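Student: Got a structure for you, questions after.
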Amino acid sequence: MKCICAIILLRNDEIIGETYDLSQVNVLVRGKARDSIRNMSIELVNEFEPNKISIINMSKYNNYLKGFECYFYNKGSHSCFLVTKDHPSASAATRLVYYILDNNPQESPEYIGLYLDEIMEKNQDPTQSDKFLKIHGEVDQVKKVLINAIDLALERYDKIENLVARTEELKTETIIFKREAGKLNKCCVIL
């Protein structure tokens, strides 16, 4: 899951903390996309039920943000607006939204901004924010190691088969050589 934006705001439309990583958005429209996200969070803060996650497809609201999803959560007097890309698992995004509001420091906006920056940085790698993806990645690594080991074992088996076949050929050639050498020795007498 690639986090694009995290905003914490009050139910009275006041933004108390926000952070953005718009590197996934076209350079020419980053400013417009940022303003659009900010305005959308303010517009939507009172439209959703409290204590319920709402998922919004951002392309319905803005052409700059096609392929982005928004996870919106109201809890008490605070709301969290999280914009993601690469269609994360809903459980990972949901856990992150809950985490942001449950651990929200009720302090100054500057501190909340640093808090959101830290969360965004930690959650740019999908395997860090979603345990299922992390385990799936580890399983894939183990599968690659096992497949490689099996391939090496099969190669060794083929080499051993070739050696056994070559040994049988040499054994047969040795018997033939010994028989022919015996015939040649019988015809010649050494004094």
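Every number in this text was worked out from the coordinates using simple rules, so none of it is lab data. Since this is a predicted model, take the numbers as computed values, not measurements. For neighbour counting, all protein chains shown are included, and Cβ atoms are generated from backbone atoms with ideal geometry for every residue, glycine included.
Student: Among the listed pairs Lys134/Lys159; Lys66/Lys122; Lys122/Lys143, give every one whose C-alpha distance is greater than 31 Å.
Tutor: Flagged as over cut-off: Lys134/Lys159.
Student: Something else about it: Calculate, in nm to one decimal, what Lys52 and Val142 gain on full extension: separation in residues at 0.36 nm each, minus their alpha carbon distance.
Tutor: 28.6 nm
Student: Take the eigenvalues of the Cα gyration tensor for the stretch 130-191, scale each by 5, and report the square roots as semi-axes in whole Å, largest first.
Tutor: 59, 6, 4
Student: Quick check: from the Cα gyration tensor, does the stretch 1-49 come out rounded (a/c under 1.5), prolate or oblate?
Tutor: Taking the square roots of the gyration eigenvalues as a ≥ b ≥ c, the stretch 1-49 is prolate.
Student: Using unit Cβ charges (K, R positive; D, E negative) and no other charged atoms, how large, in debye to the nearest 20, is the dipole of the stretch 1-87 about its Cα centre?
Tutor: Dipole size: approximately 240 debye.
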